[in-house]
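Here's the structure we're looking at; comments come further down.
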Amino acid sequence: MGVRCIKVSAVYFAVAVILGLYMSIAGDYSLSSVHAHIALLGWASFALAGVIYHLFPRAGENRLAYVHFWIHNIGLPVMMISLFLVITGQDLFLSFLPFGAILVVLSTLLFTYNVLKNVRSRF
């Protein structure tokens, strides 16, 4: 699961950088919160989860890691696309935002529980 998380985080990184480039070229930074959340929750946090899962196979090779991966990768795009649409004036999608955010929080709690339960010192 570790390598899969790292690969997906690279996609989030590319999306965050492309969005940052777009904002810079357009001179419109209204999407900064979307950019920051994709960079932090998609790229940085998910890459770190991947590294942890790779270094500690007991944490990365169980059902909790699998569920964490999928809940995070459903919740984050829903949250970010909804936020993007709301910021651009399409309030119809406002109701999807908390749904995605709740999924991201749940995935984070699953990850935390998994780490506390399965990451152990090798000594």
Any chance you could give the angle, 0 to 90 degrees and rounded to 10, that helix 45-55 forms with the longest Cα principal axis of the chain?
20
Surface accessible to a 1.4 Å probe, S32 within the full protein complex, Å²
50
Kirkwood Rh over Cα pairs of the stretch 71-123 into Stokes-Einstein at 10 °C, 1.306 mPa s: D in µm²/s?
130
Longest principal axis of the chain (C-alpha) makes with the long axis of helix 2-26 (C-alpha) an angle, in degrees to the nearest 10, of 20
Placing +1 on the Cβ of each Lys and Arg and -1 on the Cβ of each Asp and Glu in the chain, which of L97, A47, A65 has its Cα farthest towards the positive end of the resulting dipole?
A65
Jot down the radius of gyration and Dmax of the stretch 33-123, Cα atoms only, both in angstrom.
14.8, 55
Dipole magnitude of the chain about its Cα centre, charges +1 at Lys/Arg Cβ and -1 at Asp/Glu Cβ only, in debye to the nearest 20?
720
Kirkwood Rh in Å, taken over all unlike Cα pairs in the stretch 1-48:
10.7
Net charge near F84 (other residues with Cβ under 14 Å of its Cβ; Lys, Arg +1; Asp, Glu -1) is -2
Round to a whole angstrom and tell me the spacing of the C-alpha centers of the stretch 30-76 and the stretch 86-123.
9
Rounded accessible area of V11 (nearest 10 Å², 1.4 Å probe):
90
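The values are calculated or read from the model by the stated rules, or taken from the named source; none is laboratory data. Please read all numbers here as calculations on a predicted model, not as lab measurements. Please note: Cβ atoms are built from the backbone with ideal geometry, for glycine as well, and neighbour counts cover all protein chains shown. Calculation scope for accessible area: heavy atoms of the full protein, side chains included, ligands and nucleic acids excluded. Shrake-Rupley method; radii C 1.70, N 1.55, O 1.52, S 1.80 Å.
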